[in-house]
Amino acid sequence: MQFIDLVQGITASWLERSADLIRLDVENEANSDWFKDQREVGGVCYVDLFAGNLKGIKEKIPYFKELGLTYLHLMPFFLAPDGENDGGYAVSSYREVDPRLGTMEDLRALAKALHENGIRLVADFVFNHTSDEHLWARKATAGDMTFKQFYYMFDDRKIPDAYEKTLREIFPTERPGSFTFYEEIEQWVWTTFHSFQWDLNYSNPAVFNAMVSEMLFLANQGVDVLRLDAVAFIWKEMGTTCENLPQAHMIIQAFNLACRIAAPSMYFKSEAIVHPDEVIKYIDPGECQLSYNPLLMALLWNCLASKEVRLLRISVGNRYAIPEGTSWVNYVRCHDDIGWTFSDEDAEKLQIHGFYHRKWLNEFYSGEFPGSFARGLLFQENLKTGDARISGQAASLAGLEKALAENDDAAVEMAIDRILMLYTIVFTIGGLPLVYLGDEVGVMNDYSYRKDRAKRDDSRWVHRPNSDAEKLERRTDDETVEGRIFTRFKEIIRIRKSHSVFSGSNPKVVFSDNDHIFAYQRKEGKDTCIVMANFADSMQSFKLAEMHAKSGKDILGGDVVLLDESITLQPYQVRIVNL
Ligand code: OTU
C-alpha cells in the first residue's frame, strides 16, 4: 500500500515537471560531473539579509556574475514561525515561501533567471524536522493519530529518559535534553534541536512518502541542488546515539532514487558536521553527490591559530579521497558555528590532546587567549562536558575587527592576508568552493542581534549581518579595505577558473622541513601546480620534499620559483606555482 502511494507520488511529480526542467535533465546527462569543473564557484546568502526578498536576489544577478558565481545557495526561505525560527530551519510549509520574501512564483522566476545566467540554485531540504506550526504538527497537536505518528510523541518521560541515556545534546545552552513537554497536549515531543523543531519519525513509511512529495515539489520549482540538513539525525534507535545510523543512509539513498526517477538533474549536498569517519559515509553518487567539507574548514582555522599544519597535512593526506561522481564543497565560513570536528585519533598521533586542544581553540577564537587576533564568540558552551563551538565572521576571526579597532595598519594587512590565504586554499585544493557572501568584502561581526529577543541567545547571529550597500560600493576602490579584499578575491577566482588543474579534487600533500608551511600538488593531464601557504606570522624558509621539477612560475606573483632550493614565504603568503 505505502509502496504504491510512493510510486504514484513519484510518477505524478514527473508528469508535472516542466519542459524547461526536463531539458536541464537531458543536458545534465552529458555533464553529470559539472561540480568537478574548475569554473564552478559557489556563494551562499540569506535572502532577506542580502537583498530584502527573492526579487531583490534576482536583481543581484549582475553582482553574482561579477564575482563569478555559478552556484547560489539561498538560506531557508520557507514559511516559518514568526520570531524564533532558527534562521528558517523550522519549516512550516515546504510549499510556501515566507511571505516577507516573496512567493513560489518569485522562486520559479528566480530559478529561471539564474539558469539563464549560468547559475545553479541550491535550497535547503530541512527533512529531519518540521516547525511546530507545520500543518502536520498542528494536526498531531489536535490529536489526529495519523499525524501524531509523523513525530515522536510520548505520554511520559519513561521512553524519553531511556533514549536520553545515550543522546548528545545539540543546543544545550538554549534547551537541555532532546525532548520538549507540550503542556496543552501533555506530550513529550522529540526535538533534537529547538523545542519548536519537531523531529520527523521516518520509521513510519508515510513520513518518507510525504517528504518525497515535498522534495519533488521543490525540485519542480527549479532547484538544482538540495542541501540535506542535519542528515545525521534522521534515524533513532534505542541504546544508540541516534546519529549516523545505517538506516539514515538507507533513507537518503531512497530519497536519491526518487530524484533519479523524477528529477534526474537534481543533486544532494550532505550537511553532516560530525566525526570525519562519518562525514565520508554520506558521500556517494547513490546518496549525496556533494558534501560540505567541515574537516578542512575546521583545520584551516585550527592551523591559523596554532601556526602549524601537521594535523591539516595528515587529514588532507588520508581523508580527502571520495568516490568518483562526487565532490567536496569547501568553505571557510558559513551561517553556522565552527565545530572542531577533527579526529581525536589523528590528533593523538601528533601528541595533540583533542579535548584540551579544542578548549584552547575556543579560547583563541573568543579572543581570550593572550595575543589572539580573533574576535569570535562562544556558541553552545556546555558546562557539563566542557564543549563549545565558535561563532564569528571570517574577517573578525582572522583579525580584521581587532586591527581596525586598534588602528593598526600592519595588523590590517595581516588580517587581509589571512582571509585571502584561507580562501585561496579553498579555491585551489580541489572541490567546489563556497563563498559566504560578505567575506569577499571583509564583512565583520554584527553585535546588534543582542538587542533582538528572538536572536540574543544564539551567538550565530553575530555572523549573519545585513548586507551593507556602502561597504559593497567600496569594493571597486583599492584604497579601501573592502576594495583590497575584493580585488584579490576576484583575482584568485579568475586564476581558479582559467586553470583546469584546479578541477576535480585530488590534492597530494607535499611535505617540507617546516611545519608552518602547508603545501599540496594539483595535477590534471600534463598540467601540475604546487600551492604553498605560510601559516606563520613571520617569514619562513623551507625546502620541499621529493621535488622532481626544478622550477615553476608563480601564477600570483609572476616570478620564477626554484623548487629544489630553499623557498621563502612572507607571513600568510600563498604561492601557486605552475610547473
Ligand atoms: C543544521 O546544523 C543547520 O545548519 C543549522 O543552522 C540548524 O540550526 C540545525 O541544523 C537545525 O536545523 O547543530 O550547529 O552536528 O550537523 O545539523 C549546527 C549538528 C548544527 C550539525 C547540524 C546543525
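The values are calculated or read from the model by the stated rules, or taken from the named source; none is laboratory data. A quick note: this is a predicted structure, and the numbers were derived from the prediction, not measured. Neighbour counts are summed over all protein chains in view; Cβ atoms, including those assigned to glycine, are modelled from backbone coordinates with ideal geometry.
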Do you know which residues across the range 369-424 are farther than 13 Å from TYR572 by Cα and of a type in the set (Val, Ile, Thr)? THR385, ILE390
Any residue that is charged (D, E, K, R), surrounded by fewer than 21 Cβ atoms within 10 Å (Cβ to Cβ), part of a loop (DSSP other than H, G, I, E, B) and outside the structural domain of PHE35 (by TED's automatic domain parsing) - is there at least one of those in the range 473-482? no
Tally time: how many residues in the range 232-264 are away from the ligand (no atom under 14 Å from the Cβ), in contact with a helix residue (DSSP H, G or I) (Cβ under 8 Å, 6 or more places away or on another chain) and in a helix (DSSP H, G or I)? 8
Report, ordered by the first and then the second residue, all pairs with beta carbons closer than 6 Å, sequence separation of six or more or different chains, a first member in the range 20-49 that is closer than 25 Å to TYR436 by Cα, and a second member that is outside any loop (DSSP other than H, G, I, E, B) and among the β-branched types (Val, Ile, Thr). VAL41/ILE493; GLY43/VAL435; VAL47/ILE57
Within the range 382-392, take every residue that is in contact (Cβ under 8 Å) with a residue 12 or more places away in the chain and away from the ligand (no atom under 16 Å from the Cβ) and give me the one that is farthest from ALA298 (Cα to Cα). LYS384
In the range 351-381, residue nearest to the ligand (Cβ to nearest atom) [restricted to those that are of a type in the set (D, E, K, R) and free of Cβ contacts under 8 Å to residues at least 12 places away in the same chain]: GLU363
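Every residue, every condition in (1) surrounded by fewer than 18 Cβ atoms within 10 Å (Cβ to Cβ); (2) of a type outside the set (S, T, N, Q); (3) under 24 Å from ALA137 (Cβ atoms); (4) out of contact with any Cys (no Cβ under 7 Å at 6 or more places or on another chain), yes or no:
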{"site": "VAL207", "(1), (2), (3), (4)": "no, yes, yes, yes"}
{"site": "GLY222", "(1), (2), (3), (4)": "no, yes, no, yes"}
{"site": "ALA230", "(1), (2), (3), (4)": "no, yes, yes, yes"}
{"site": "LEU257", "(1), (2), (3), (4)": "yes, yes, no, yes"}
Just checking: which of the helices (runs of 4 or more DSSP H) contained wholly in the range 265-354 hold 3 or more residues that are out of contact with any Phe, Trp or Tyr (no Cβ under 7 Å at 6 or more places or on another chain) and surrounded by fewer than 19 Cβ atoms within 10 Å (Cβ to Cβ)? 310-319, 344-349
ARG260 vs. criteria among the basic types (Lys, Arg) and without any contact (Cβ under 8 Å) to a residue 12 or more places away in the chain: yes
Do you know which residues across the range 355-367 are touching a Phe, Trp or Tyr at 6+ places or on another chain (Cβ under 8 Å) and charged (D, E, K, R)? ARG358, GLU363
Go through (1) more than 19 Å from LEU422 (Cα to Cα); (2) crowded, with 17+ Cβ neighbours inside 10 Å and name the single condition GLN521 misses. (1)
Looking at this structure, is LEU432 of a type outside the set (Gly, Ala, Ser), touching a residue at least 12 places away in the same chain (Cβ under 8 Å) and buried (at least 18 other Cβ atoms within 10 Å of the Cβ)? yes
Please verify whether VAL462 is outside any strand (DSSP E or B), β-branched (Val, Ile, Thr), over 20 Å from the mean Cα position of the chain (by Cα) and surrounded by 20 or more Cβ atoms within 10 Å (Cβ to Cβ), treating the condition exactly as stated. no
